[in-house]
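Colleague: One structure follows; several queries about it will come next.
The values are calculated or read from the model by the stated rules, or taken from the named source; none is laboratory data. Remember, it's a predicted structure, so these values are computed and weren't measured experimentally. Here the Cβ is made from the backbone with ideal geometry for all residues, glycine too, and neighbour counts use every protein chain on show. When the accessible area is computed, the model is the full protein with side chains, heavy atoms only, and any ligands, DNA or RNA have been set aside. Shrake-Rupley method; radii C 1.70, N 1.55, O 1.52, S 1.80 Å.
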Protein chains: 4
Amino acid sequence: MTAPTDTAPTDTAPTPSDTARTAPPHGYTLPLSPSGRSAMVTPPPWHFSGDVVMADYRVDPEAAARFLPPELTLGPDPGAAAAVFAEWQWCSDDGAELADPARCRFAEFLILLACEYRGRPLARCPYAWVDEPVPLVRGWIQGMPKQFGQVHQIRPAQVGKAGPRLAPGGRFDAALSAGGRRVAEAAVTVEGRADGPPFLHTVPLVHTRLFPAWLPGEEPVTRLVTSEVSDVEFSEIWTGRAELRFPDLPDADLAGLVPVEVGRGYVFSYAETLHHGRELEPA
Amino acid sequence: MTAPTDTAPTDTAPTPSDTARTAPPHGYTLPLSPSGRSAMVTPPPWHFSGDVVMADYRVDPEAAARFLPPELTLGPDPGAAAAVFAEWQWCSDDGAELADPARCRFAEFLILLACEYRGRPLARCPYAWVDEPVPLVRGWIQGMPKQFGQVHQIRPAQVGKAGPRLAPGGRFDAALSAGGRRVAEAAVTVEGRADGPPFLHTVPLVHTRLFPAWLPGEEPVTRLVTSEVSDVEFSEIWTGRAELRFPDLPDADLAGLVPVEVGRGYVFSYAETLHHGRELEPA
Amino acid sequence: MTAPTDTAPTDTAPTPSDTARTAPPHGYTLPLSPSGRSAMVTPPPWHFSGDVVMADYRVDPEAAARFLPPELTLGPDPGAAAAVFAEWQWCSDDGAELADPARCRFAEFLILLACEYRGRPLARCPYAWVDEPVPLVRGWIQGMPKQFGQVHQIRPAQVGKAGPRLAPGGRFDAALSAGGRRVAEAAVTVEGRADGPPFLHTVPLVHTRLFPAWLPGEEPVTRLVTSEVSDVEFSEIWTGRAELRFPDLPDADLAGLVPVEVGRGYVFSYAETLHHGRELEPA
Amino acid sequence: MTAPTDTAPTDTAPTPSDTARTAPPHGYTLPLSPSGRSAMVTPPPWHFSGDVVMADYRVDPEAAARFLPPELTLGPDPGAAAAVFAEWQWCSDDGAELADPARCRFAEFLILLACEYRGRPLARCPYAWVDEPVPLVRGWIQGMPKQFGQVHQIRPAQVGKAGPRLAPGGRFDAALSAGGRRVAEAAVTVEGRADGPPFLHTVPLVHTRLFPAWLPGEEPVTRLVTSEVSDVEFSEIWTGRAELRFPDLPDADLAGLVPVEVGRGYVFSYAETLHHGRELEPA
């Protein structure tokens, strides 16, 4: 059985009893409904504009390798990693969500690991947290392993004393709590302009889409996919000294990804439009 | 490609470099990790024990029909519906979650519609809300269209004046807010014991499992499945007069399911173990 | 200037311009409004019915003494303390809040220290956390130092496997997070009935009401007051082995109150009506 | 009895038993503790930097008058009002809170009414909501009637499509939910630069400090105070067309303050340092 897609015609006006039989409930995601407009997640593309506080760091390469599916290798810089805090606005292609500020904002923390597929540099996201349910579910559609957390970061202040300026000396702290525990903390103290964006924020993400088994004997559906984006835009990029700590880890596997060394920090704004995935090894 | 399942051996101790290559990251759900224990959702079965405040009601049968996939019909009582508030504890088979009360409790509101598959009575859940992310994601694995909301209900008091007794005259209010709006409110004023459980809480739920399209040209995976449960247990069931309102609807489709008549209310405790789904029409 | 109290007549119907001048905005608390009914906190008495998971423990008596105002002494059992988790329903005298389950429930964690005033046994609450704003502000009116936190505890299950029975072997975990950190965790494993309620739950609380200085040169108003309650009711009281930890302390002063020994645990329901304070040493 | 103030010496090192007797627990607010550093609210001054979305509007002057204490009059523009959404960072004088981004950010919605004291223009805040507990309690110290709500507003985007630019045509929506209800919604569509800041954001706020009665026969302490600020800073101020709605009012008194006319909207950044109050009519 194949569900009617979101592009099924919904604007004809059959008689009521016809409707019930000819236009089954549909939607890009659950909940399915007669018009398709109850779906929790709108169909792509999705536009994102956000502010990023990010720290490059290094993990034990053996530990990083244990988070890679067999198709991927560590590549030329084994153990390269990044901790990325971001505060986003998002909208669908018609921009409708921007009229509901309770819906179109979220904050995110993710860990990235450098990796490679047949010589192509990619980033693997073993863990991610967001503070709103729609981005969580939208992440799972893509294979991005988003969990729920409270993500906070300092914003540059335009005026007054309650915030740093985006300028040398400005200090930008960020923190993640999940499950009522303080999982991660970072700080970037800006020193000057960077020559370009941090490497792990420029390569495509590679995710494992997973539809878990639910029926008896069922095998889970898994697919290794990259995310296809357009309209990538960076503001000026500031860089400086970074700090990164994981004070209260919820899980022994995550403990393998704590820093063995902390590198540079970055503060910048970023935008992209996310269109769809692309299978790494089409069947 | 098929992911290793959660039952892959994880307790052998190969050399580190072997590990990285021979035991890919796995888990019942995302996040995948070396041990499989980072998965947000544990594999079934899951045990649930909860307290329910529920109202039978009737909707326009034409509207109800528009929420049914073509395989289902309205059955002998078209328009029969229920609004169910529940406050749950849950745990996996080893009970581990009960040691973390921040993790094992959630509250839920769902709407049920009476329906039938080839003469077999079932309940369809067009909308559901929960207040925690794990039950939300776990619902989507089953095809249950859970969204995020704040769900509150009155508890019976054992002592004192700040709560009703579970006895004639006791009034149990419940409310759902979602997206910062008050979506639903119900109240049951207990009159006496019921002869048996409310019908729509006794029939299997039938869900549409949906794995949305993400790759270019991909068709979404959809499957019509029922939920298989065991160890169903009801406490004494109290019944009485019910009220039900939907004060501030977020969505025009949901508006089709407001009450045309409100029936009896019920207050009871309930438990079940949820094992897996079963396809309604196996391919 | 003295504000009209909440008992000012509000039901006469003067002409509008008279009203504006003759019935100033009033209320038991802020916000003041024409009818007095916008007040965030209703005037006492307040009724409470709740479920308690509690552990007796001992702290360093020197540390406990540093939390007592000069009028109080440690009494005959220096260092006796308790950690109390409770899940409450509350209502004003007319019970109106019980119709709004989003308003009348909250959870609380508090620390109690044994103390004495001129030979009269009392309990001092140096720290308390609640998960709703109304109980927080109401606490400050009384002098109870409530802060904001996430408080969770296991409930006994009537049916099914997802919860302990209130019977020997039943284990009741509870946890407090505040500021995104896991501050406290406790567990009580029930062994049998207790002969009576735990001592620190039977003596009056003694608080320091504090109205902080805000005007230049102003001295804060402080008063040492006990809380006057009536209609105290205990359910059957179960007791057993207790565990208590403070994994991630937010503050060095609180660190002085960690357990040097953990005593018995208790699980019970409790109700009271809270009427007003009484000054310990009237001016 | 007068509590030791926060400036009491805390860094001497008496013997433990002396300490317990000579340095009673203290703090600017509750909780009192040996060092004074457990206090929920730090002593002023407090610095604020924020982003404001604001709409001028008009209410029924009779209704406005009913919210003014007898010392105040409506002044030359009866019924002038404003709805102010703001997203803040704050810190104490040492800036310590900026290292904890989970603590130093909050969002606020408040209503302002034009008024006058003996010819001096002031603004009265009958209702305010914030989304964090520290600003709530800090508001009550000043007499600002802050309640708890979810406050959201659109941010200007630097890059990408998911947000307006701070330029003609940019539309900034904002919303307040409280008690699970959508209480207020506003939008400002920017048309150009304003000549100066909106009037009601330039005059001092006048609050009624209120310490509610708790002891038998006690009169509440109330004082009419203005807030003394310094280091006021405005960014460039953008103005445009405004919308303002109150869709789901929690309270009949608040209903008196709905718009009879909506005026201009404003978008700007703002900073101030808040030092203390000043009594309007010293005793």
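Colleague: Somewhere in region A:41-57, is a residue within 30 Å of B:GLU62 (Cβ to Cβ) and in contact with a helix residue (DSSP H, G or I) (Cβ under 6 Å, 6 or more places away or on another chain)?
Modeller: For region A:41-57, residues within 30 Å of B:GLU62 (Cβ to Cβ) and in contact with a helix residue (DSSP H, G or I) (Cβ under 6 Å, 6 or more places away or on another chain): present.
Colleague: Something else about it: From C:ASP94, C:ASP77, grab the single residue that is more than 9 Å from every other protein chain (Cβ to nearest Cβ), open to solvent by 10 Å² or more (accessible area, probe 1.4 Å), part of a loop (DSSP other than H, G, I, E, B) and within 30 Å of B:PHE109 (Cα to Cα).
Modeller: Going through C:ASP94, C:ASP77 in turn, the sole match is C:ASP94.
Colleague: For region C:177-184, indicate whether the set of residues that are aliphatic (A, V, I, L, M), within 18 Å of C:ALA81 (Cβ to Cβ) and open to solvent by 20 Å² or more (accessible area, probe 1.4 Å) is non-empty.
Modeller: no
Colleague: So, in region C:59-74, how many residues would count as being open to solvent by less than 40 Å² (accessible area, probe 1.4 Å) and facing another protein chain (nearest Cβ under 9 Å)?
Modeller: So the answer is 7.
Colleague: Return yes when A:ASP173 is assigned to a strand (DSSP E or B), charged (D, E, K, R) and open to solvent by 30 Å² or more (accessible area, probe 1.4 Å) and no when it is not.
Modeller: Against the criterion (assigned to a strand (DSSP E or B), charged (D, E, K, R) and open to solvent by 30 Å² or more (accessible area, probe 1.4 Å)), A:ASP173 does not qualify.
Colleague: Looking at the structure I just gave you, is B:GLY36 outside any strand (DSSP E or B), more than 23 Å from B:GLN147 (Cα to Cα) and open to solvent by less than 10 Å² (accessible area, probe 1.4 Å)?
Modeller: In short, yes.
Colleague: Would you please name the residue that is surrounded by the fewest Cβ atoms within 10 Å (Cβ to Cβ), looking only at residues in region C:245-262 that are part of a strand (DSSP E or B) and more than 14 Å from chain B (Cβ to nearest Cβ)?
Modeller: Once the filter is applied, the top-ranked residue is C:GLU261.
Colleague: A:ARG138: more than 14 Å from chain B (Cβ to nearest Cβ) and either surrounded by 23 or more Cβ atoms within 10 Å (Cβ to Cβ) or not aliphatic (A, V, I, L, M) (or both), yes or no?
Modeller: It is false that A:ARG138 is more than 14 Å from chain B (Cβ to nearest Cβ) and either surrounded by 23 or more Cβ atoms within 10 Å (Cβ to Cβ) or not aliphatic (A, V, I, L, M) (or both).
Colleague: If you check A:LEU176 against the conditions, is it touching a residue at least 60 places away in the same chain (Cβ under 8 Å) and closer than 21 Å to A:ALA128 by Cα?
Modeller: yes
Colleague: Restrict the check to region A:106-127 and report whether at least one residue is basic (Lys, Arg), within 14 Å of chain D (Cβ to nearest Cβ) and buried (at least 21 other Cβ atoms within 10 Å of the Cβ).
Modeller: The answer is no, given that none of the residues of region A:106-127 is basic (Lys, Arg), within 14 Å of chain D (Cβ to nearest Cβ) and buried (at least 21 other Cβ atoms within 10 Å of the Cβ).
Colleague: Based on this model, can you work out whether C:ASP195 counts as within 12 Å of chain B (Cβ to nearest Cβ), acidic (Asp, Glu) and surrounded by fewer than 24 Cβ atoms within 10 Å (Cβ to Cβ)?
Modeller: no
Colleague: Evaluate the following for B:ALA162: is it assigned to a loop (DSSP other than H, G, I, E, B), in contact with a His (Cβ under 9 Å, 6 or more places away or on another chain) and farther than 30 Å from B:ASP251 by Cα?
Modeller: yes
Colleague: Just to verify a result, which residue in region B:141-162, among those that are within 14 Å of chain C (Cβ to nearest Cβ) and of a type in the set (Gly, Ala, Ser), is nearest to C:SER92 (Cα to Cα)?
Modeller: So the residue we want is B:ALA162.
Colleague: Collect the residues in region C:209-236 that are open to solvent by 30 Å² or more (accessible area, probe 1.4 Å) and touching a residue at least 40 places away in the same chain (Cβ under 8 Å), keeping them in residue-number order.
Modeller: C:ARG223, C:GLU228, C:VAL229, C:SER230, C:ASP231, C:VAL232, C:GLU236
Colleague: So, in region B:107-136, exactly how many residues are free of Cβ contacts under 8 Å to residues at least 40 places away in the same chain and under 14 Å from the mean Cα position of the chain (by Cα)?
Modeller: Matching residues across region B:107-136 total 6.
Colleague: Does C:GLY265 count as closer than 28 Å to C:PRO78 by Cα and either open to solvent by less than 30 Å² (accessible area, probe 1.4 Å) or assigned to a loop (DSSP other than H, G, I, E, B) (or both)?
Modeller: Criteria met by C:GLY265.
Colleague: If C:ASP173 meets every condition in (1) more than 30 Å from B:PHE268 (Cβ to Cβ); (2) facing another protein chain (nearest Cβ under 10 Å) apart from one, which number is that one?
Modeller: Single failed check for C:ASP173: (1).
Colleague: Of everything in region C:39-58 that's closer than 26 Å to C:ASP173 by Cβ and more than 18 Å from the chain's Cα centre (by Cα), which residue is least open to solvent (accessible area, probe 1.4 Å)?
Modeller: Among those that are closer than 26 Å to C:ASP173 by Cβ and more than 18 Å from the chain's Cα centre (by Cα), it is C:TYR57.
Colleague: Does D:ALA242 qualify as being open to solvent by less than 50 Å² (accessible area, probe 1.4 Å), of a type in the set (Gly, Ala, Ser) and assigned to a strand (DSSP E or B)?
Modeller: Here the answer is yes, as D:ALA242 does meet what is asked.
Colleague: For region D:268-283, name all the residues that are in a strand (DSSP E or B) and more than 14 Å from chain A (Cβ to nearest Cβ).
Modeller: Residues satisfying the conditions are D:HIS276, D:GLY277, D:ARG278, D:GLU279.
Colleague: Please determine, by comparing only the residues of region C:142-152 that are among the hydrophobic types (A, V, I, L, M, F, W, C) and closer than 15 Å to D:MET40 by Cα, which one is most open to solvent (accessible area, probe 1.4 Å).
Modeller: C:PHE148
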